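The values are calculated or read from the model by the stated rules, or taken from the named source; none is laboratory data. Note that the structure is predicted; figures quoted are calculated from it, not measured. Because the Cβ atoms are built from the backbone with ideal geometry, glycine has one as well, and the counts that use them run over all protein chains shown. SASA here: full protein model, heavy atoms, side chains in, ligands and nucleic acids out. Shrake-Rupley method; radii C 1.70, N 1.55, O 1.52, S 1.80 Å.
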Amino acid sequence: MPAQNFSPLAFATRRQLALGLGLGALWPWASAQAQSPSEAALEATAPTMPRVGDVLKVPAIRLLNGQDFQHERQPLLLYWWSSTCPFCALQSPSMQALWQSQKSRGLRMLALSIDKKSEAAQAYLQKRGYTFPSAWASPAWRQQFPKPKGLPITLLMDSQHKVLLAEKGQMFAEDVEAIARLL
């Protein structure tokens, strides 16, 4: 009888793989990867968009440049994005222009990357010359402050942490420019 090649995948059923159980459900040495929440799982359980008037407190986070960011009593523009999101790629130049024109007026901005790794976000920003303050929103951090469903997500909060603007999906350049009038 010919020798059979052993393959862990031969033991994983299609249903286990489709349910995302994969090898982590079958072997302990593969469970670390299976236990981390996937982007699809996070999106499936994501909350709805906050409404204008809601009060949000953004937890402290480390920026990609190594500085710590804390949400203080200042207007804050939150921008959820990903280096793989085509709509984010279209909106990000406008966000950079808004940041450049409004940072001297006291606008604080926090761009939150949902890339799988912080290095992907850093490389993307560097390649395009974006200087707006950015952080990698790790799955662990997002447990404290979940991203609403959709991408990109743009939220503007006043100095009392009250939502003034909540947009899901790509904003056109003129819509991003109009944010300055809300400050």
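If the chain linking residue 44 and residue 90 were pulled fully straight, counting 0.36 nm for each residue of separation and taking away their Cα-Cα distance, it would gain 14.1 nm.
Run down the lysines and flag those whose C-alpha is under 18 Å from the C-alpha of residue 168, throwing out any fewer than 8 positions away in its chain. Residue 168 reaches 147, 149.
The value for the range 30-172 of Rg(Cα) / (2.2 N^0.38 Å) is 1.01. The charge dipole of the range 94-183, taken about its Cα centre with unit charges on the Cβ atoms of Lys, Arg (+1), Asp and Glu (-1) only, comes to about 240 debye.
The residues of the range 41-84 have, on average, 56 Å² of accessible surface per residue, using a 1.4 Å probe with all protein chains present.
All Cα-Cα distances of the range 63-115, cut into 5 Å bins from zero to the largest, leave 4, 17, 26, 27, 18, 7, 1 percent in each bin in turn. Note that the range 51-66 has calculated 3J(HN,Hα) couplings of 9, 4, x, 4, 10, 10, 10, 7, x, 4, 8, 8, 6, 5, 7, x Hz, one per residue in order, obtained from phi through the Karplus relation 6.51 cos²θ - 1.76 cosθ + 1.60 (θ = phi - 60°); glycine and proline are x. Need the list of aspartates and glutamates near residue 116 for cross-linking: C-alpha distance under 17 angstrom, and skip anything on the same chain fewer than eight residues off. By straight Cα distance, residue 116 reaches 39, 43.
Percent of accessible area on the range 30-183 owned by carbon and sulfur, 1.4 Å probe? Numbers along the way, then the final one.
On the way: 4250 of 8070 Å².
Roughly 53 percent of what the probe reaches on the range 30-183 is carbon or sulfur.
Along the range 71-79 the Karplus relation, 6.51 cos²θ - 1.76 cosθ + 1.60 evaluated at θ = phi - 60°, assigns HN-Hα couplings of 6, 9, 8, 9, x, 9, 9, 9, 9 Hz to successive residues, with x for each Gly and Pro.
What ratio of Cα Rg to 2.2 N^0.38 Å holds for the range 49-91?
On the way: Rg = 13.1 Å, N = 43, 2.2 N^0.38 = 9.2 Å.
The value comes to 1.42.
Please give every one of the aspartates and glutamates within straight-line cross-link reach of residue 127, meaning a C-alpha to C-alpha distance under 18 Å, and leave out same-chain neighbours fewer than 8 residues apart. Cα-Cα hits under 18 Å: 115, 119.
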